[in-house]
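Before any comments, here is the structure.
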Amino acid sequence: MDKSDIGVVGMAVMGKNLALNIASRNYRCAVFNRTAEKTAQVMAERGDAAGLVATYSVRALAKALKRPRRLMLMVKAGKAVDETIAHLLPHLERGDIIIDGGNSHYPDTDRRQAELAKKGIRFIGTGVSGGEEGALHGPSIMPGGERDAYRHVDPIFRAIAARTDDGACCTWLGKGSAGHFVKMVHNGIEYAMMQMLAESYDLLRTGLGYDMAEVHNTFAKWNQGRTAGYLVEISALVTSYRDPQTGQWLVDLIQDTAAQKGTGKWTTVAALDLGVPVPSITTAVDARILSGHKAERTAIARVAATKSHWVKGLPAHRLEGAAYAAFLAAYAQGMHLLSRASHEYGYALNLAQVARIWKGGCIIRSRILHLLKTAYTVNPRLPH
Ligand code: ATR
């Protein structure tokens with residue numbers, strides 16, 4: 001049987017969809033998951049039809065691959081990555097390439113690269129953004145690590161990435177943990193933009209007294225202009241959706257509490273370490289943590305409820321201007337952090353390229369990014 005071009009390890013939603021995407025671009029893709037049932041299930045659902053090559057041991061996986069082996073890990077960030085690497089290692093040879101496509105914390109990426117280099121295994125820490133849909137149809141891909149190793153992966157990554165009028169949303173970003181650092185900051189910006197949209201929603205509903213249809217129309221209008229982007233688009237979508245069972249607006253049925261998985265917090269911590277102010281991102285992390293304190297919030301609301309129309313008379317177009325400025329601030333803070341980290345950690349990032357590969361596929365894609373790309377193209381040394 002023909003050997004596979006690449007192996008994907010981890011058949012949860014992101015890994016499965018990425019593998020299907022790779023296969024759809026005419027690359028032969030082997031797959032493996034720690035729990036065999038999941039692989040079998042993926043094969044039965046879509047994998048067989050898509051031409052995925054199922055393997056049920058790391059040994060079989062290693063045997064199925066062309067050399068140098070390209071192995072993309074899509075497992076839970078943290079110790080699962082280390083455990084998976086440890087299981088793979090006895091079956092790999094010098095020159096083989098491990099790609100970590102999970103949301104790994106950047107210091108882990110530097111550590112893993114150094115440990116693997118001693119064994120002759122090359123390591124590429126890669127951010128992947130776009131959620132389930134992006135993974136399947138075209139994510140934004142943010143690789144870092146050894147450039148020579150990346151050359152073996154580049155054709156596949158470019159083929160599966162999202163495309164815009166500015167090319168494939170993928171480029172090698174820098175050495176070491178550059179890719180995972182950029183992905184982390186992407187997520188920090190995402191936190192800030194989601195918080196801004198949540199606050200806009202609150203101002204529209206509680207402040208201006210809009211009903212859901214008016215809120216929907218406002219977001220839909222924002223998505224036609226300078227604030228247009230994926231998060232605004234899905235805000236318009238979700239405010240138009242009624243729960244089929246109760247007929248109520250879905251947004252009204254969702255509890256106003258959220259957790260935070262780590263990447264937002266990591267961005268704030270990294271910014272504090274580097275002495276870069278990222279107040280929009282940090283405030284968003286705080287707001288998420290605060291939202292989780294539901295019992296305290298409910299108790300306080302009982303004695304300190306304010307339901308006044310405190311922004312009555314505020315024209316909605318002023319809010320659009322504020323949202324635009326706030327989005328710009330979030331991107332600017334993220335870019336500032338990247339430029340500082342690039343200097344401090346030696347990533348040598350090209351910020352115009354970062355803005356370019358965020359223009360499609362990823363969660364923070366938006367019209368503003370074209371502006372940023374242009375600004376950094378004109379002046380690559382822009383400090384902010
Ligand atoms: P998602 O959020 O998309 O569901 P995730 O939780 O980030 O995914 O990652 C889940 C994947 O990591 C699964 O493929 C899981 O394997 P199992 O199906 O066997 O649980 C894998 N994973 C988690 N911990 C692992 C470990 N210690 N070793 C190997 N794979 C592991």
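The values are calculated or read from the model by the stated rules, or taken from the named source; none is laboratory data. Just so it is clear, the model here is predicted, and its values are computed rather than measured. Cβ: placed from backbone, ideal geometry, glycine included. Neighbour counts: every protein chain shown. Accessible surface is based on the protein model in full, side chains and every heavy atom, while ligands, DNA and RNA are left aside. Shrake-Rupley method; radii C 1.70, N 1.55, O 1.52, S 1.80 Å.
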Hits in the range 109-139 (condition: polar (S, T, N, Q) and open to solvent by 60 Å² or more (accessible area, probe 1.4 Å)): none
Residue 339 in a helix (DSSP H, G or I), touching a residue at least 40 places away in the same chain (Cβ under 8 Å) and of a type in the set (Ser, Thr, Tyr): yes
Residue within the range 299-319 that is among the basic types (Lys, Arg) and under 23 Å from residue 130 (Cα atoms) present: no
From 75, 53, residue being among the hydrophobic types (A, V, I, L, M, F, W, C), open to solvent by 10 Å² or more (accessible area, probe 1.4 Å) and more than 27 Å from residue 261 (Cα to Cα): 53
Which numbered condition residue 289 misses (of (1) assigned to a loop (DSSP other than H, G, I, E, B); (2) open to solvent by 30 Å² or more (accessible area, probe 1.4 Å)): (1)
Residue within the range 211-223 that is crowded, with 17+ Cβ neighbours inside 10 Å, hydroxyl-bearing (Ser, Thr, Tyr) and at pLDDT 95 or above present: yes
The range 39-84, subset of a type in the set (Val, Ile, Thr) and in a loop (DSSP other than H, G, I, E, B), residue nearest to the ligand (Cβ to nearest atom): 75
Long-range neighbours under 6 Å by Cβ, at least six apart or interchain, first residue under 13 Å from residue 8 (Cβ atoms) within the range 84-110, second away from the ligand (no atom under 14 Å from the Cβ) and hydroxyl-bearing (Ser, Thr, Tyr): 99/126; 101/126
Among the residues listed as 117, 159, the single one being assigned to a helix (DSSP H, G or I), over 22 Å from residue 12 (Cα atoms) and not basic (Lys, Arg): 117
Residue list for the range 354-373, filter: open to solvent by less than 60 Å² (accessible area, probe 1.4 Å) and of a type outside the set (A, V, I, L, M, F, W, C): 356, 359, 360, 361, 366, 373
Residue that is farthest from the chain's Cα centre (by Cα), among those in the range 85-104 that are among the small types (Gly, Ala, Ser) and within 14 Å of the ligand (Cβ to nearest atom): 86
